[in-house]
Amino acid sequence: MDHAAILALYDRDMREGARPESSDARVERTGGVVRHVGGEGGWNGVLWSDLDAAGAGAAIAAQIAYFAGRGKEFEWKHHGHDQPADLGRRLLDAGFTAEPEETLMIGETSGQLVDAPPPDGVRIVPVTDRAGVDLMAEANEKAFGRDASWLRDLVLARLAADPDAIVALVVLAGDEPVSSARMEMIPGTPFAGLWGGGTVPAWRGRGIYRALIAHRARIAAERGYRYLQVDASDQSRPILERLGFAALTTTTPYLYVPK
């Protein structure tokens, strides 16, 4: 894998060429940035920027004014190779708060990614309706110890708007949800994004996360997608590296909450 070429492709297709996440959202290109303006309850933020040291301050101020003027908190999704090199510090100085850093990892849908069955005692079930989404949210809450109403709302909205663009999954031990994950396909690009994969503590370390990666890789390959994209935590990165994913850059969400 040519890391530089894949990163450039990712920037072009997934960031600069981003598409709205729903029919009531929009993507705007202005002042050297690409921003996503969410619909009702949707995500608001900056996806991509092409800035230099001279113009970065004004561009940051313009985005703050835009979203704050609408009473919206928003996220500036900063990648480690973005310019200027001190963009992260500039965001902090402007009043943003940095979330934990993650690693952008890319893997191909072929090869070893498709050969990892779920462990004994569980089954991977597709989610297509509200009952399944409720099970996903329950697994997420048990895995991470926090409210998952945001996940319920997001998956229900995706299923309603374009069910072919999302693969939602729940892992069941009997009738008990023990893990969940989703994949979002980006039409017109070679990328499918992997999200979630949280497993309840009692079932960790048994291969569920790996099985969910493989299951989604197989579906993505069948639908013609070549690459899988993950924003990986420190816990997920070693597993993904063993599966053949490559770390291309870091990604850090910077959050701005209007005062």
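The values are calculated or read from the model by the stated rules, or taken from the named source; none is laboratory data. As the structure is a prediction and not an experimental result, all values here were calculated from the model. Quick reminder, even Gly has a Cβ in these numbers, built from the backbone with ideal geometry, and neighbours come from all protein chains shown.
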Q: Kindly check whether there is at least one residue in segment 243-256 that is in contact (Cβ under 8 Å) with a residue 40 or more places away in the chain, at negative phi and out of contact with any strand residue (DSSP E or B) (no Cβ under 7 Å at 6 or more places or on another chain).
A: no
Q: State all residues of segment 56-95 that are in a loop (DSSP other than H, G, I, E, B) and among the aliphatic types (A, V, I, L, M); if no residue qualifies, say none.
A: A85, A94
Q. Has segment 28-40 got at least one residue that is of a type in the set (S, T, N, Q), assigned by TED's automatic domain parsing to the domain that holds G80, over 23 Å from D93 (Cα atoms) and surrounded by fewer than 19 Cβ atoms within 10 Å (Cβ to Cβ)?
A. no
Q. Quick one: L113 ticks every box in (1) buried (at least 21 other Cβ atoms within 10 Å of the Cβ); (2) at pLDDT 95 or above bar one, so which box is it?
A. (2)
**Q.** Long-range neighbours under 9 Å by Cβ, at least six apart or interchain, first residue assigned to a loop (DSSP other than H, G, I, E, B) within segment 31-54, second aromatic (F, W, Y) and surrounded by fewer than 16 Cβ atoms within 10 Å (Cβ to Cβ)
**A.** G41/W150
Q) What do you reckon, is L9 of a type in the set (A, V, I, L, M), in contact with a Pro (Cβ under 8 Å, 6 or more places away or on another chain), crowded, with 16+ Cβ neighbours inside 10 Å and under 23 Å from W195 (Cβ atoms)? A) yes
Q.
Suppose we filter segment 191-209 for residues that are in a loop (DSSP other than H, G, I, E, B), in contact (Cβ under 8 Å) with a residue 12 or more places away in the chain and either surrounded by fewer than 20 Cβ atoms within 10 Å (Cβ to Cβ) or over 22 Å from the mean Cα position of the chain (by Cα) (or both); how many remain?
A. 2
Q: Filter segment 78-98 down to residues that are surrounded by 13 or more Cβ atoms within 10 Å (Cβ to Cβ) and among the charged types (D, E, K, R) and give me whichever is nearest to I6 (Cα to Cα).
A: D82
(Q) crowded, with 16+ Cβ neighbours inside 10 Å, touching a residue at least 24 places away in the same chain (Cβ under 8 Å) and more than 20 Å from the chain's Cα centre (by Cα): is that true of Q63 in this structure? (A) yes
Q) Within segment 99-110, how many residues are modelled with pLDDT of 95 or more and crowded, with 18+ Cβ neighbours inside 10 Å? A) 4
**Q.** Qualifying residues in segment 35-60 (those that are small (G, A, S) and within 20 Å of the chain's Cα centre (by Cα)) - the one farthest from M14 (Cα to Cα)
**A.** G41
Q | segment 12-22, residues that are out of contact with any strand residue (DSSP E or B) (no Cβ under 7 Å at 6 or more places or on another chain) and either surrounded by fewer than 17 Cβ atoms within 10 Å (Cβ to Cβ) or assigned to a helix (DSSP H, G or I) (or both) | A | R12, G17
**Q.** Qualifying positions in segment 120-135 - surrounded by fewer than 17 Cβ atoms within 10 Å (Cβ to Cβ), over 12 Å from I166 (Cβ atoms) and in contact (Cβ under 8 Å) with a residue 40 or more places away in the chain
**A.** G121, R123, V125
Q) Can you name every residue in segment 214-259 that is under 21 Å from A98 (Cβ atoms), in a strand (DSSP E or B) and under 16 Å from the mean Cα position of the chain (by Cα)? A) V230, D231, A232, A247, L248, T249, T250, T251, T252, P253, Y254, L255
Q. Where residues in segment 144-174 are over 17 Å from the mean Cα position of the chain (by Cα) and at pLDDT 95 or above, which of them is surrounded by the fewest Cβ atoms within 10 Å (Cβ to Cβ)?
A. G174
